[in-house]
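Worksheet: the structure to be examined is printed underneath.
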Amino acid sequence: MAALLSFYLLDRWMVSLGREQQAPWALAGLAMFPTAFFLVAGYPHSLLLMLVFLGIWNMARVHWTLTLLSGLAAGLTHSTALPLSFLFAFWPGLRRSYGRYLSALGSLLGIAAFLA
C-alpha cells in the first residue's frame, strides 16, 4: 500500500511542477529501478519513500507542521532518513523561515527516538 501511495505522490508532485509528460517516465523509472524490489518486499523502504514524498508535497505547499510530522515518521521508519533533514533545510526556491528549519529537525528527532 505504501508503494502504491508513493507512486501516486510522485505523480501528483510531477504534475504540480508542470511536468505532465515526464510523470509517466518518472514512475516507470522508479518501478523498474533495480532496487525497486525493496518497495514491494517486506522492508520499510516503501514506507520511507512514501513519507519522503509526503514531506516534499507538504513542504511545497508550505505546511511546516505536516512536513515536520512526515519527517519525524520517516526518521522512525528507517535511519536512512538522515539526508531528508538537509533536503528540507536547503530546498531551493523557498523562502527562509523558522518553520522551514524546524521542520528539517523532524527526521533527526525521529532517528534519535528510534535509536533511544
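Since every read-out is calculated from the coordinates, none of them should be taken as a lab result. Treat the numbers as computed from the prediction; the structure is a model and nothing was measured. Here the Cβ positions follow ideal geometry from the backbone for every residue, glycine too, while neighbour counts run over all protein chains shown.
When both residues are 6+ apart or on different chains and their Cβ atoms are under 6 Å apart, which pairs have a first residue that lies in segment 41-61 and is without any contact (Cβ under 8 Å) to a residue 24 or more places away in the chain and under 17 Å from Y101 (Cα atoms), and a second that is part of a helix (DSSP H, G or I) and among the polar types (S, T, N, Q)?
Listed pairs, sorted by first residue: N58/T67.
Regarding A73, is this residue touching a residue at least 12 places away in the same chain (Cβ under 8 Å), over 29 Å from L115 (Cα atoms) and out of contact with any Phe, Trp or Tyr (no Cβ under 6 Å at 6 or more places or on another chain)?
Details: touching a residue at least 12 places away in the same chain (Cβ under 8 Å): yes; over 29 Å from L115 (Cα atoms): no; out of contact with any Phe, Trp or Tyr (no Cβ under 6 Å at 6 or more places or on another chain): yes.
No.
Within segment 61-116, how many residues are farther than 21 Å from A2 by Cβ and not in a helix (DSSP H, G or I)?
Total satisfying the criteria: 10.
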